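Visitor: Structure provided below as structure tokens; questions to follow.
No value in this document is a laboratory result; all are computed from the given coordinates. Model, not experiment: these values are computed from the prediction. Note that each Cβ is placed from the backbone with ideal geometry, even for glycine, and that neighbours are counted across all protein chains shown.
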Amino acid sequence: MTELVEHGKLFIGGEWTDPLGTDTIRIVSPHTEQVIGSVPHASEADVDRAVAAARRAFDEGPWPRTTLEERIAVVSRIKDAIAVRHEEIARSISSQNGSPYSWSVLAQALGPMMVYDAAITVARAYPYEEHRQGVLGPILVRREPVGVVAAVIPWNVPQFVAAAKLAPALLSGSTVILKPSPEAPLDSYILADIAREAGVPEGVLSILPADREVSEYLVGHPGIDKVAFTGSVAAGRRVMEVAARNLTRVTLELGGKSAAVVLPDADVAAAVAGIAPAAWMNNGQACVAQTRILAPRSRYEEVAEALAAAAGALVVGDPLDPATQLGPLVARRQQQRSFDYIRIGQEEGAKVLAGGGRPAGLDRGWYVEPTLFGDVDNSMRIAREEIFGPVVCLIPYGDEEEAARVADDSDFGLSGSVWTGDVEHGIDFARRIRTGTFNVNTFSLDMLGPFGGYKNSGLGREFGPEGLGEYLEHKMIHLPAGYEAGA
């Protein structure tokens, strides 16, 4: 039985504060369908307080004027505290969104540590000031903190995405209002405790759990300088529309329908061993999941058999059981969404090769079997629309030209992979696909390189110097003729 976790205050400007509203958010276990916690629902008045605190801290406070090493020290303490509490964080997130605990330890807790660590490495090497010889004389180019950031994060990997936004924002000298999803706000209270212990100054960080209506108010607030959003394409479009009223800068990390391409010369066993975890990762609730698998017709049956066996071997059950490899979906609506797409796929003529229903023996909880469709055409809805559940499509192709065309034939462009016996050839194939990240004979996400999407998968980048640059403004200072730096 999961212990009921109840919080009565909001974290505003670094202090635990009574909410100005009376609404609460109830968190429901996707495994038991029972309430496991509650937190205050932030109101628009709470947003006003948080923005005012962040505005004062940025405009008048010491944070933007501290040295880089002072900011690195604070962010390092956040990372170290996550290491100490990583099991608590993993259990909190798994209990809310159904992530398998073993996966949560790696991706929901240790993953954020890697994000903070990589961001520190990038920040130390970043060129904050650069002297150039201009057309009309010498110039100095400066990169300065963007200001007050509204960071809106999803429920599927909340601490990982929070770190992707908090780390560069804090290191830049900006201040942040973090808005967790109402499905998974409990772990954000652990983060708030960590931030206080790490010495994040007054006003620099607020955390406000809320629904879409209050999120929209935050995004459209005139006191916000930048919005960093991760979520669905539909929500991303709305964020951009609302932020545009104030010409607020936005970065959007949105959805995906990524293709894993098995070339004819691939080692099928090795390819499937790499693709299966990437296809059904986090119960299929991952924007980078490899949900379209392209197999050559000459080896289609071999790939289909191996993938179906991999799906059938996945251990489905209680997300807090260390043996579980696939847990429940975050909410009943997500479960029903997967079932709807399974029905649609069958109506479109695709064949269920594995799964397709509720797992046996799991009559309670929002479970869906790991499902593999075969004989999928790329024009089918199950191949074009992001399902965000454990439903994967296997698409046959003829030659490599067709494989590249089908892989690229998507409204999304977030991730992808190619599996081949020739790595150099795989690199050439990767160059042809319009997607923000791509893998050759592997699947990973490196925090020292840029992450983001083409097409409907978003705007801007996270991680690496490109990600830090999203939280910096560029200023040009003209200098008199004959001036030499350091003279």
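Visitor: Give me the distance in nm between label points sitting 7 Å out from Cα along the Cα-to-Cβ direction at R384 and E402, one decimal.
Guide: Here the modelled spin labels are 2.0 nm apart.
Visitor: Using the per-residue mean of other Cβ atoms lying within 10 Å as a proxy for protection, in what order, highest first, do the peptides 340-352, 132-144 fall?
Guide: Those peptides, ordered most packed to least, come out 340-352, 132-144.
Visitor: A follow-up question, please. Please report the antiparallel percentage of DSSP beta bridges with both residues in the chain, rounded to the nearest 5. Provide the component values of the computation, followed by the final result.
Guide: Details: 29 of 66 bridges.
Taking every DSSP beta bridge within the chain, about 45 percent pair in antiparallel fashion.
Visitor: Another question about this same structure. On each of the three principal axes of the Cα atoms of the chain, give max minus min coordinate, whole Å, ordered largest first.
Guide: Ordered largest first, the chain gives principal extents of 69, 58, 40 Å.
Visitor: Could you work out how far apart the two model spin labels at A485 and A360 are, taking each label as a point 7 Å from the Cα in the direction of the beta carbon, and quote it in nm?
Guide: 6.9 nm
Visitor: Next up: Nearest-5 percent of antiparallel DSSP beta bridges in the range 259-440?
Guide: 15 percent
Visitor: Lysines near K455 by alpha-carbon distance under 16 Å, same-chain residues fewer than 8 away left out - which ones?
Guide: K257
Visitor: Karplus couplings for the range 60-77 from phi (6.51 cos²θ - 1.76 cosθ + 1.60, θ = phi - 60°), rounded to Hz, Gly and Pro as x?
Guide: Once rounded to whole Hz, the list reads 10, x, x, 3, x, 9, 6, 6, 4, 5, 5, 5, 4, 4, 5, 5, 5, 5.
Visitor: Moving to a separate point now. Work through the residues other than G436 whose Cβ is under 12 Å from its Cβ and net out their charges, Lys, Arg +1 and Asp, Glu -1. All intermediate terms of the calculation are to be shown ahead of the outcome.
Guide: On the way: positive: R434, K455, R461; negative: E253, E462, E466.
Local net charge: 0.
Visitor: Distance from the Cα centre of the range 348-383 to that of the range 171-233, in angstrom?
Guide: Computed from Cα coordinates, the inter-centre distance equals 36 Å.
Visitor: Arrange the peptides 153-159, 233-239 so that the one whose residues have, on average, the most other Cβ atoms within 10 Å appears first.
Guide: 153-159, 233-239
Visitor: Still on this model: Expressed as a whole number of Å, what is the distance separating the alpha-carbon centroids of the range 292-306 and the range 48-74?
Guide: Result: 54 Å between the Cα centres.
Visitor: Sticking with this one: Could you please tell me the mean projected area of the C-alpha convex hull for the range 424-466, averaged over all directions and given in square nanometres to one decimal? Working shown, then result.
Guide: On the way: hull surface 13.3 nm².
That works out to 3.3 nm².
Visitor: Okay, moving on. Could you order the peptides 189-201, 450-462 from most to least packed, using the average number of other C-beta atoms within 10 Å per residue? The partial results should precede the final answer.
Guide: Numbers: 189-201: 18.8, 450-462: 21.8.
Per-residue Cβ counts within 10 Å, averaged per peptide and sorted highest first, yield 450-462, 189-201.
Visitor: How much length would be gained if the chain were fully extended between L106 and E202, taking 0.36 nm per residue of separation minus their Cα-Cα distance, in nm to one decimal?
Guide: Answer, rounded to one decimal: 31.4 nm.
Visitor: Nearest 10 degrees is fine. How inclined is helix 44-59 to the longest principal axis of the chain, computing both from alpha carbons?
Guide: It is inclined by approximately 50 degrees.
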